[in-house]
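Note sheet for the following structure.
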Amino acid sequence: MVANQTAILALDLGTTLVKGGLVSGGRVLARGHFPFPVRYDGLKREADPEEFRRGLAGLLAGLGRQARKRRLEVLAVGVASQAQTFTALDRRGRPLIPFIVWNDRRAGAAAELLRARFPDFSAGGHQPADSLSFAAKLLHLRRERPEVFSRARRFLLLNEWSLWQLTGFAFGDSTNFGMGGLYDLRAGGLLEERLGFIGVAPEQLARIRTAGAFGRPLRPDWAGAAGLPPGIPVFSCANDQAAAAAGAGVTESLGLVSLGTALVFYLRRPEPARALTPAQMTGIFPLGGYFLLSVEPSFGDLLDWGKRTFWPDRGWPEFWRRAPRRPAVRAVFADNQVGFSGLGLETGRADLLAALVELGRERFRVHLAELFPAGTAGREFLAGGGWAASKPLLDRLAVDTGIRWRPAPAECALLGVARIIEANYFQKKA
């Protein structure tokens, strides 16, 4: 085949969907996806590695067919991923546990131990120790399943496990790994005192490199099955939010808000933030400088649950027409449980769903107030994620806070993967 143009095969390992696309000239020319196989059970969030591997193989095969059909020469593969999701492997590389997904909340007690042992855990720009962090999840595994922890030879994040599958080499990047509380953001390198407290040796972790700057060749078996050129480099390209910010063109004056499974505010900064709230984290931006991120883990999940529970046979347009703007009913969400107050004999299903929407709006206002204590009026944000398609919701959030919205480019995480590789590998190589 004589190729007409070149492309980068970009992967975005999201919490709801795993997406892939062929990116060329700043456009996604072909795409595919499969559901991330997460299972929910109370505070537990887990995913089967083998089911994920089969989905990944199918996605790559489909994109390989699209590349041949479109006469595209694939130059590289890039992987962006949800952060904090990990598994433990035995000495033969077999998973000992399912993937523990980033929004798994079982590590709360382990997070308290980390905070007690390291009172300055968030000093120097590190996010606070909480149940979402890789550090707390590892300590939880050691405390609750010591027989598994003792047998583990490696602990790999989702992107690192995927790269190990594709290349035979376990590596990741400082943006993604740096969000887990085990990496020195300023000096680079592992925080070995924390690792020692948890009981993990440095050699049990992946090699950490700059996002998009270090590639390893695609294994022949994966290349053959997908119909991709053997030996093309495969790169770790940050977490999915960083890739989306890179693809959307986030600057120090233009932030990104992702309204998806989680509510995420993403801002670029010249230096890592020094004072963080429990909802915030900071880290290395893959195109230079640092980021400040604020997360509400259950934003979209809660609205989707409310729609399924209280408004199952009707559409959102009808809800927005009927829902009170300031409902009398109030919703609270704590410990993965929803509660309501102010209920009366005339309370209807629309009132309950409206209370959940109001709770989301309230949390949105809280995050913005913490990020911008001096006020948000006139600030501009790109809106991405599934809920960014809801104009009534965006209008209400704009009225609440005085911010201005611009639509984020479609598939900006895939575009960001390509941009990270082009900036940190191909341009520097040239």
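The values are calculated or read from the model by the stated rules, or taken from the named source; none is laboratory data. Note that the coordinates shown come from a computational prediction; the quantities given were computed from them, not determined experimentally. Please note: Cβ atoms are built from the backbone with ideal geometry, for glycine as well, and neighbour counts cover all protein chains shown.
Just name the residue that is surrounded by the most Cβ atoms within 10 Å (Cβ to Cβ) out of those in the range 178-188 that are part of a loop (DSSP other than H, G, I, E, B) and touching a strand residue (DSSP E or B) at 6+ places or on another chain (Cβ under 7 Å). Ranking the qualifying residues of the range 178-188, first place goes to Leu182. Considering the conditions (1) out of contact with any Leu (no Cβ under 9 Å at 6 or more places or on another chain); (2) within 18 Å of Ala201 (Cβ to Cβ); (3) buried (at least 18 other Cβ atoms within 10 Å of the Cβ), Ala135 is excluded by exactly one of them, (1). Whether a residue is buried (at least 17 other Cβ atoms within 10 Å of the Cβ), under 27 Å from Leu17 (Cα atoms) and not β-branched (Val, Ile, Thr) was assessed, and Leu158 passes this test. Of the numbered conditions (1) touching a strand residue (DSSP E or B) at 6+ places or on another chain (Cβ under 6 Å); (2) of a type in the set (Ser, Thr, Tyr); (3) within 19 Å of Pro317 (Cβ to Cβ), Ser341 fails exactly one; give the number of that condition. Of everything listed in (1) touching a strand residue (DSSP E or B) at 6+ places or on another chain (Cβ under 6 Å); (2) of a type in the set (Ser, Thr, Tyr); (3) within 19 Å of Pro317 (Cβ to Cβ), Ser341 misses just condition (3). For the criterion of being small (Gly, Ala, Ser) and out of contact with any Lys or Arg (no Cβ under 9 Å at 6 or more places or on another chain), Ala136 passes. Checked against the criterion of being in the same structural domain as Ser174 (by TED's automatic domain parsing), modelled with pLDDT of 95 or more and β-branched (Val, Ile, Thr), the candidates Thr87, Thr16 yield just one match: Thr87. From the set of residues in the range 260-313 that are polar (S, T, N, Q) and outside any strand (DSSP E or B), which is surrounded by the fewest Cβ atoms within 10 Å (Cβ to Cβ)? Among them, the one singled out is Thr309. Of all residues in the range 330-348, count the ones that are closer than 25 Å to Lys44 by Cβ and assigned to a loop (DSSP other than H, G, I, E, B). Number satisfying all stated conditions: 2. Residue pairs whose Cβ atoms lie under 6 Å apart, separated by 6 or more positions or on different chains, with the first residue in the range 53-81 and over 15 Å from Ser162 (Cβ atoms) and the second among the hydroxyl-bearing types (Ser, Thr, Tyr), are Glu73/Thr6; Leu75/Thr6.
Within the range 384-430, restricting attention to residues that are outside the structural domain of Gly215 (by TED's automatic domain parsing) and hydroxyl-bearing (Ser, Thr, Tyr), the residue that is surrounded by the fewest Cβ atoms within 10 Å (Cβ to Cβ) is Ser390. Residues in the range 300-323 that are of a type in the set (A, V, I, L, M, F, W, C) and at pLDDT 90 or above: Leu302, Leu303, Trp305, Phe310, Trp311, Trp316, Phe319, Trp320. For Thr251, the criteria (1) surrounded by fewer than 24 Cβ atoms within 10 Å (Cβ to Cβ); (2) in contact with a helix residue (DSSP H, G or I) (Cβ under 9 Å, 6 or more places away or on another chain); (3) farther than 30 Å from Arg117 by Cα hold in every case but one, which is (2).
For Arg379, the requirement of being surrounded by 14 or more Cβ atoms within 10 Å (Cβ to Cβ) and either within 22 Å of the chain's Cα centre (by Cα) or of a type outside the set (Asp, Glu) (or both) is met.
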